[in-house]
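First the structure, in the form of structure tokens, and then the observations on it.
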Amino acid sequence: MEINEKLQEKKHHEFLTENTDFEVRSLDAVCFNESELKHPWWYNLKYAAAGILFGIILVKAEVISWFRIQEMFRLQSFHMFGVIGSAVTVGIISVWLIKKFKIKTIYNEPIEFVSKKFNKGNIYGGLIFGFGWAITGACPGPLFAQIGTGATVIVVTLLSAIVGTWVYGYFREKLPH
Amino acid sequence: MLEFLKQPWPWYVAGPLIGLMVPALLLIGNKSFGISSSLRHICAACLPANISFFKYNWKKEVWNLFFVLGILIGGFVAIQLLSTGDPIQVNSKLQTELASYGITNYNAFVPEDLFTWPSLLSVRGFVMTVAGGFLVGFGTRYAGGCTSGHAIMGLSNLQWPSLVATISFMTGGFIVANIVLPFILKL
């Protein structure tokens with residue numbers, strides 16, 4: 001029984017280390033004797049709370065608006081560039097401070113960063129996402145927020161995005177990376 | 001205070017708050033800010049279909065699903081409690097251009113002249129809702145992240161592949177918004 005489990009864990013590890021999908025950091029970073037604390041499910045509610053705050057910010061900044069995205073891509077307004085630019089600036093300073101002072105999580109674990117390796121998907125996939133972004137006026141985060149604001153038809157856009165993700169997974173080996 | 005919160009927030013308030021999501025998620029549980037991976041976890045949970053890309057223990061990433069559910073609730077809270085209900089103010093050039101395609105309703109963030117249930121039956125509505133969504137899901141996963149994972153988290157950690165991805169997002173968007181979208185809007 002235990003041997004079987006170890007084998008499965010090994011397979012999981014092999015899959016994850018071959019994983020070129022760099023956004024899923026915790027998937028890449030998993031290792032055999034991971035120190036990840038085991039928490040009951042309701043610990044995840046803090047991420048829901050963070051999501052609620054983020055959703056409110058997205059709405060109040062109007063970044064979930066199809067119109068604001070059109071303005072951005074037509075260079076008719078500074079708003080979106082200001083939002084993204086200042087967000088990245090604050091993010092860079094925060095990450096630098098965390099690294100510099102070796103700040104730990106609230107559970108006193110060291111904070112991990114994983115480097116992203118370049119692959120051609122960053123370009124091809126990036127362009128394809130850009131095409132979709134200009135049409136729907138939404139990246140994945142705003143899709144969820146838009147549904148929350150009452151635009152229920154965006155459920156269809158979200159389902160279609162899930163299908164797109166699935167189709168990518170299906171053809172992944174055949175696509176240039 | 002509430003009156004102030006109900007106004008649209010300027011970029012120099014909203015942008016830094018979005019940037020603070022990066023350290024917030026790192027501090028409360030060592031999580032990298034990123035949203036499009038939630039779509040992958042949904043595939044892994046609902047229809048892995050023996051595809052190696054979806055065969056992993058998605059339950060370890062369930063925090064991400066809580067996070068996106070929170071975003072949905074946040075959207076509801078903001079529109080119900082923190083909104084003036086005024087129409088969105090856009091550049092007059094854009095207004096003129098959109099009027100020529102019959103888009104004149106600025107009451108909602110998601111234009112009601114484009115994205116409604118009945119509009120799904122029109123060619124324009126179907127292309128924008130269904131094909132657009134497909135491109136977002138396919139493209140973000142192919143790129144390994146979206147605006148949050150690459151443009152914000154990746155750039156915050158000074159990852160140059162994320163800069164390449166961000167430039168690609170913008171290039172793709174510029175091309176479609178200026179060259180292709182006018183044809184779609186005429187449908």
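Pairing each residue of segment B:108-124 that is more than 23 Å from B:ILE88 (Cα to Cα) with any residue that is of a type in the set (Phe, Trp, Tyr), provided the two are 6+ apart or on different chains, yields C-beta distances under 6 Å for B:LEU120/B:PHE126. B:LEU158 passes every criterion in (1) out of contact with any Asp or Glu (no Cβ under 8 Å at 6 or more places or on another chain); (2) on the phi < 0 side of the Ramachandran plot; (3) not polar (S, T, N, Q) apart from (2).
Does B:GLY173 fit the bill of being buried (at least 19 other Cβ atoms within 10 Å of the Cβ) and outside any loop (DSSP other than H, G, I, E, B)? Against the criterion (buried (at least 19 other Cβ atoms within 10 Å of the Cβ) and outside any loop (DSSP other than H, G, I, E, B)), B:GLY173 qualifies.
Could you tell me whether A:THR105 is in contact with a helix residue (DSSP H, G or I) (Cβ under 6 Å, 6 or more places away or on another chain), within 7 Å of chain B (Cβ to nearest Cβ) and either of a type in the set (Val, Ile, Thr) or over 25 Å from B:LEU94 (Cβ atoms) (or both)? Yes, satisfied.
Condition check: within 7 Å of chain B (Cβ to nearest Cβ) and on the phi > 0 side of the Ramachandran plot. Does A:GLY150 satisfy that?
Working: within 7 Å of chain B (Cβ to nearest Cβ): yes; on the phi > 0 side of the Ramachandran plot: yes.
In short, yes.
The set of residues in segment A:108-142 being part of a helix (DSSP H, G or I), of a type outside the set (S, T, N, Q), closer than 25 Å to A:ILE57 by Cβ and within 7 Å of another protein chain (Cβ to nearest Cβ) consists of A:GLY126, A:PHE129, A:GLY130, A:GLY132, A:TRP133, A:ALA134, A:ILE135, A:PRO140, A:GLY141. Hey, any hits in segment B:137-150 for a residue that's buried (at least 24 other Cβ atoms within 10 Å of the Cβ), on the phi > 0 side of the Ramachandran plot and either among the small types (Gly, Ala, Ser) or touching a helix residue (DSSP H, G or I) at 6+ places or on another chain (Cβ under 8 Å) (or both)? There is at least one residue in segment B:137-150 that is buried (at least 24 other Cβ atoms within 10 Å of the Cβ), on the phi > 0 side of the Ramachandran plot and either among the small types (Gly, Ala, Ser) or touching a helix residue (DSSP H, G or I) at 6+ places or on another chain (Cβ under 8 Å) (or both). Within this structure, B:ILE28 passes the test of being among the aliphatic types (A, V, I, L, M), within 28 Å of B:ALA143 (Cα to Cα), part of a helix (DSSP H, G or I) and at the interface with another protein chain (Cβ under 8 Å from one of its Cβ atoms). Summed over segment B:82-107, residues that are of a type outside the set (A, V, I, L, M, F, W, C) and assigned to a helix (DSSP H, G or I) total 5. For segment A:59-84, a residue qualifies if it is more than 7 Å from every other protein chain (Cβ to nearest Cβ) and in a helix (DSSP H, G or I), and the qualifying residues are A:ARG68, A:ILE69, A:MET72, A:MET80, A:PHE81. Just one residue in the set B:ILE42, B:ILE35 is outside any helix (DSSP H, G or I), aliphatic (A, V, I, L, M) and surrounded by 21 or more Cβ atoms within 10 Å (Cβ to Cβ); that residue is B:ILE35.
When B:LEU47 is tested against (1) among the aliphatic types (A, V, I, L, M); (2) exposed (fewer than 15 other Cβ atoms within 10 Å of the Cβ); (3) more than 7 Å from every other protein chain (Cβ to nearest Cβ), exactly one condition is not met: (3).
Screening B:LEU114 against (1) under 30 Å from B:LEU5 (Cα atoms); (2) in contact with a Leu (Cβ under 7 Å, 6 or more places away or on another chain) leaves a single unmet condition, (2).
Filtered by the rule that a residue be closer than 22 Å to B:ALA24 by Cβ and of a type outside the set (Ser, Thr, Tyr), segment B:136-187 gives B:GLY145, B:CYS146, B:GLY149, B:HIS150, B:ALA151, B:ILE152, B:MET153, B:GLY154, B:LEU155, B:ASN157, B:LEU158, B:GLN159. The residue that is farthest from the other protein chains (Cβ to nearest Cβ), counting only those in segment B:164-187 that are within 22 Å of B:ALA151 (Cα to Cα), touching a residue at least 24 places away in the same chain (Cβ under 8 Å) and not hydroxyl-bearing (Ser, Thr, Tyr), is B:PHE169.
Checked against the criterion of being hydrophobic (A, V, I, L, M, F, W, C) and under 21 Å from B:SER156 (Cα atoms), the candidates B:MET21, B:MET1 yield just one match: B:MET21.
So that you can scan it fast, the table gives a plain yes or no per residue for (1) farther than 14 Å from B:ALA14 by Cβ; (2) over 22 Å from the mean Cα position of the chain (by Cα):
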residue	(1), (2)
A:GLU62	no, no
A:TRP66	yes, no
A:ARG74	yes, yes
A:GLY85	no, no
A:VAL90	no, no
A:ILE98	yes, no
A:LYS102	yes, yes
A:THR105	yes, no
A:ILE111	yes, no
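Would you tally the residues in segment B:129-159 being over 13 Å from A:LYS116 (Cα atoms) and either more than 7 Å from chain A (Cβ to nearest Cβ) or assigned to a helix (DSSP H, G or I) (or both)? Here the count works out to 17. Among residues of segment A:156-168 that are within 15 Å of B:GLY145 (Cα to Cα), those with a Cβ under 6 angstrom from a residue that is among the hydroxyl-bearing types (Ser, Thr, Tyr), sequence gap 6+ or separate chain, pair up as A:TYR168/B:TYR142.
None of the figures in this text is laboratory data; all of them are computed from the coordinates on show. A quick note: this is a predicted structure, and the numbers were derived from the prediction, not measured. Quick reminder, even Gly has a Cβ in these numbers, built from the backbone with ideal geometry, and neighbours come from all protein chains shown.
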